[in-house]
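Since the structure comes first, as structure tokens, the remarks are kept for the end.
The values are calculated or read from the model by the stated rules, or taken from the named source; none is laboratory data. Note that the coordinates shown come from a computational prediction; the quantities given were computed from them, not determined experimentally. Using ideal geometry, Cβ is built from the backbone for each residue, glycine included, and neighbour counts are taken over all protein chains shown. Areas reflect the complete protein model, heavy atoms only, side chains present, ligands, DNA and RNA absent. Shrake-Rupley method; radii C 1.70, N 1.55, O 1.52, S 1.80 Å.
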Amino acid sequence: MNLRRLLIHRCTVITPGLKVGETEYGKPIYKDVKKEDVPCRADSIQRTIATDAYSTDIVTKNVLFLSPDEQFNENTKFENIRDQNGHPVLPGAYRFQESKPAYGKRRLHHHEVSLEKVSGSNG
């Protein structure tokens, strides 16, 4: 299945400390890189953790699906996650929690990034 058809949302990806070039003396230049309007797909997965006579504990985990050529690291933040009409899907800012690469038959198909809400952000 075509991945581009599945990436129905857009987000802003902020990756701090990426190497963007070198000085004339060969020293690396690092800079925070902000990439807007990145194709993605946000999804919320609910898991039942524990059930007893009084209640059921359910944990909701937010997952962001990204194309295989998208660059990110453990310091990357994701914000402004919205649909193609500009309506917010996951309001606020999120940080990288963990990533699971998903492979097809021959190569990397997409990334599945678990998100953690940044405290103090809207939403």
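What are the residues in the range 83-98 that are in contact with a Leu (Cβ under 9 Å, 6 or more places away or on another chain) and hydrophobic (A, V, I, L, M, F, W, C), if any?
Going residue by residue through the range 83-98, those that are in contact with a Leu (Cβ under 9 Å, 6 or more places away or on another chain) are 90, 94-97.
Listed by number, the residues that qualify are Leu90, Phe96.
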| note | Here, strands (runs of 3 or more DSSP E) confined to the range 38-123 with at least 2 residues that are under 22 Å from Arg10 (Cβ atoms) and open to solvent by 80 Å² or more (accessible area, probe 1.4 Å) are 77-83, 88-103
| query | Within the bounds of the range 53-67, is there any residue that is closer than 20 Å to Leu108 by Cβ, of a type in the set (Gly, Ala, Ser) and in contact (Cβ under 8 Å) with a residue 12 or more places away in the chain? | reply | yes
| Taking the range 1-27 on its own, how many of its residues are touching a Lys or Arg at 6+ places or on another chain (Cβ under 9 Å) and surrounded by 10 or more Cβ atoms within 10 Å (Cβ to Cβ)? | 15
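Which residues, counting only those in the range 1-37, are of a type in the set (A, V, I, L, M) and either in a loop (DSSP other than H, G, I, E, B) or over 24 Å from Lys77 (Cα atoms) (or both)? Even if it seems obvious, please write down each step before you answer.
Of all residues in the range 1-37, those of a type in the set (A, V, I, L, M) come to 1, 3, 6-8, 13-14, 18, 20, 29, 33.
Those that are of a type in the set (A, V, I, L, M) and either in a loop (DSSP other than H, G, I, E, B) or over 24 Å from Lys77 (Cα atoms) (or both): Met1, Leu7, Ile8.
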